[in-house]
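Engineer: Starting off with a structure, shown below.
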């Protein structure tokens, strides 16, 4: 277990973000602990100082995130706060591509590599670095690698940096194309093979892959499907308004 000392302002931001998420107690004693202590914890967080606001606090990065090697391209266009920590950008990419966040990940940026802090791998701490720190201007590129086995490599292009819209909550999805691949299907080559097999009812692996996907009908698997509204509903669970209307 790694222990780290954070300045009060950063500690407040980290704990406040955790408290914004839906509690997920399982055991009876966990339910009791949440009920007994979460209100007190919220009150104590309010006593910590907030970081001073800067113009970057109300700016947003528009990102085009493309799954490298996908043909036709699988991509999402997101707007995220410029000051989003990379660990939260990781969460946004996970949501956008419907990943299950059950594998290792890392951002490769012009300023270095950031993920779960690991000196042996040379990964800096993604909780301590923001998107503006590593990609401050338009046309900057970085990559996000998820699952060091399947190697889902995401090319991230900063298309623009602009002021947030009053009343708009971020992160949000503007548009996108095509469904994301299923988790653990073997990377882009495995996904291409999966699509080929499901399109051919006479393929010897057809029934096996349908069962693996837990589908009764291959028509239920649509590689072209993308629902922006559904994704935004998902992102809304933790999106925040940067500029009050």
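Engineer: Any residue that is within 26 Å of residue 86 (Cα to Cα) and at pLDDT below 80 - is there at least one of those in the stretch 23-39?
Structural biologist: Yes: the stretch 23-39 contains one or more residues that are within 26 Å of residue 86 (Cα to Cα) and at pLDDT below 80.
Engineer: So which pairs qualify, if the first residue must be in the stretch 34-49 and free of Cβ contacts under 8 Å to residues at least 40 places away in the same chain, the second must be in a loop (DSSP other than H, G, I, E, B), the Cβ gap must be under 6 Å, and the two must be at least 6 apart or on different chains?
Structural biologist: Matching pairs, first to second residue: 34/23; 34/25.
Engineer: What is the number of the single condition among (1) out of contact with any strand residue (DSSP E or B) (no Cβ under 9 Å at 6 or more places or on another chain); (2) in contact (Cβ under 8 Å) with a residue 12 or more places away in the chain that residue 65 does not meet?
Structural biologist: (1)
Engineer: What is the residue count in the stretch 202-235 for residues that are touching a helix residue (DSSP H, G or I) at 6+ places or on another chain (Cβ under 7 Å) and in contact (Cβ under 8 Å) with a residue 12 or more places away in the chain?
Structural biologist: Selection size over the stretch 202-235: 9.
Engineer: I'm trying to understand the selection: among the residues of the stretch 75-94, which are out of contact with any helix residue (DSSP H, G or I) (no Cβ under 9 Å at 6 or more places or on another chain) and not in a helix (DSSP H, G or I)?
Structural biologist: 75, 77, 79
Engineer: Of everything in the stretch 185-234, what is in a loop (DSSP other than H, G, I, E, B) and touching a strand residue (DSSP E or B) at 6+ places or on another chain (Cβ under 6 Å)? Give them in sequence order. Spell out the reasoning first.
Structural biologist: Here is the first cut: in the stretch 185-234, the residues in a loop (DSSP other than H, G, I, E, B) are 185-186, 199-205, 213-217, 221-227.
Within the stretch 185-234, just 226 meets the criteria.
Here's the yes/no breakdown for (1) touching a residue at least 12 places away in the same chain (Cβ under 8 Å); (2) more than 15 Å from the chain's Cα centre (by Cα); (3) buried (at least 19 other Cβ atoms within 10 Å of the Cβ):
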| position | (1), (2), (3) |
| --- | --- |
| 146 | yes, no, yes |
| 151 | yes, yes, no |
| 162 | yes, yes, no |
| 168 | yes, yes, no |
| 171 | yes, no, yes |
| 190 | yes, yes, no |
| 196 | no, yes, no |
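Engineer: Still on this model: Report the residue count in the stretch 173-184 for those that are over 13 Å from residue 72 (Cα atoms), touching a strand residue (DSSP E or B) at 6+ places or on another chain (Cβ under 6 Å) and either buried (at least 19 other Cβ atoms within 10 Å of the Cβ) or at pLDDT below 95 (or both).
Structural biologist: If we filter the stretch 173-184 for residues that are over 13 Å from residue 72 (Cα atoms), which is where we start, we get 173-175, 182-184.
Imposing the further condition that a residue be touching a strand residue (DSSP E or B) at 6+ places or on another chain (Cβ under 6 Å) reduces the set to 173-175.
Next cut, either buried (at least 19 other Cβ atoms within 10 Å of the Cβ) or at pLDDT below 95 (or both) only: 173.
Residues meeting the conditions: 1.
Engineer: Which of the numbered conditions does residue 203 fail, given that it passes all the others? Conditions: (1) at pLDDT 90 or above; (2) under 23 Å from residue 146 (Cα atoms).
Structural biologist: (2)
Engineer: When the stretch 95-126 is examined, which residues are found to be surrounded by 20 or more Cβ atoms within 10 Å (Cβ to Cβ), assigned to a loop (DSSP other than H, G, I, E, B) and in contact with a helix residue (DSSP H, G or I) (Cβ under 7 Å, 6 or more places away or on another chain)?
Structural biologist: 126
The values are calculated or read from the model by the stated rules, or taken from the named source; none is laboratory data. Computed from a predicted model, the values in this text were never measured in an experiment. Ideal geometry is used to build each Cβ from the backbone, glycine not excepted, and the neighbour counts take in all protein chains shown.
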